[in-house]
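Only one structure is covered here, and it is reproduced in the block below.
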């Protein structure tokens with residue numbers, strides 16, 4: 001099978017982490033880098049993901065592992081011909097890019113219950129289970145065919161910071177193993193569909209943080225020692 005990776009044309013932490021994982025296997029990929037357009041600055045009360053835009057240059061990583069690397073002017077210029085494409089960094093892809101391709105994305109929420117932006121925060125605020133979803137991209141937001149869902153464990157002695165880091169690490173691990181899941185058919189989510197919210201406002205973040213102890217009481221296993229034993 002032929003695999004391609006879609007990312008930004010700037011250093012990107014998640015991309016480096018995924019390529020390091022793939023580089024430890026016999027798999028080879030071609031990387032296509034699309035222009036990065038900066039996000040509008042906004043106030044964030046709780047930063048639930050690591051800073052993504054300070055890391056090793058992607059062309060250097062590709063040379064290290066013998067991966068192909070191509071800068072493209074727009075996502076529509078990414079060629080067809082690969083069996084699967086994996087997103088490690090991109091905004092919403094254009095219909096021209098998506099059409100005719102099997103593009104895999106990891107979403108840090110349980111689809112279709114926790115869709116859209118700031119999924120980690122909205123799951124806690126709304127009292128929803130926490131997990132990552134591997135899915136195919138289509139022209140709707142987080143509504144393509146599902147591949148699998150993996151739950152993120154919550155422990156009674158978690159802090160908001162420790163849970164956010166575990167959830168992010170599980171997202172990286174799941175996407176790195178995408179090839180283990182392709183060809184298995186689609187997955188049917190047991191969770192109900194809910195609307196996709198936008199970014200969480202700062203005032204709502206404060207309320208999300210206030211609800212965290214109740215969230216742990218609802219979902220937590222006894223101790224993070226189980227997670228340490230897993231590692």
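The values are calculated or read from the model by the stated rules, or taken from the named source; none is laboratory data. Small disclaimer: the values here were computed from a predicted structure and weren't measured. We place every Cβ from the backbone using ideal geometry, glycine too, and count neighbours over all the protein chains shown.
Within region 216-227, is there a residue that is modelled with pLDDT of 95 or more and under 25 Å from residue 50 (Cβ atoms)? Spell out the reasoning first.
Of region 216-227, the ones modelled with pLDDT of 95 or more are 216-219.
Imposing the further condition that a residue be under 25 Å from residue 50 (Cβ atoms) reduces the set to 216, 219.
So far as region 216-227 goes, yes, one or more of its residues are modelled with pLDDT of 95 or more and under 25 Å from residue 50 (Cβ atoms).
Please determine whether any residue of region 177-192 is exposed (fewer than 14 other Cβ atoms within 10 Å of the Cβ), farther than 30 Å from residue 41 by Cα and at pLDDT 95 or above. No.
For region 99-112, the condition holds for no residue, the condition being that it is without any contact (Cβ under 8 Å) to a residue 12 or more places away in the chain and either closer than 28 Å to residue 42 by Cα or in contact with a strand residue (DSSP E or B) (Cβ under 8 Å, 6 or more places away or on another chain) (or both). Just so you know, in region 20-59 the residues that are free of Cβ contacts under 8 Å to residues at least 40 places away in the same chain and not in a loop (DSSP other than H, G, I, E, B) include one that is nearest to residue 84 (Cα to Cα), and it is 31. With respect to the conditions (1) under 18 Å from residue 165 (Cα atoms); (2) modelled with pLDDT of 95 or more, residue 82 falls short on a single one, namely (1). Condition check for residue 132 on (1) closer than 18 Å to residue 48 by Cα; (2) at pLDDT 95 or above; (3) surrounded by fewer than 23 Cβ atoms within 10 Å (Cβ to Cβ): one failure, at (3).
In region 27-56, of all residues being within 18 Å of the chain's Cα centre (by Cα) and loosely packed, with under 12 Cβ neighbours inside 10 Å, the one that is farthest from residue 108 (Cα to Cα) corresponds to 54.
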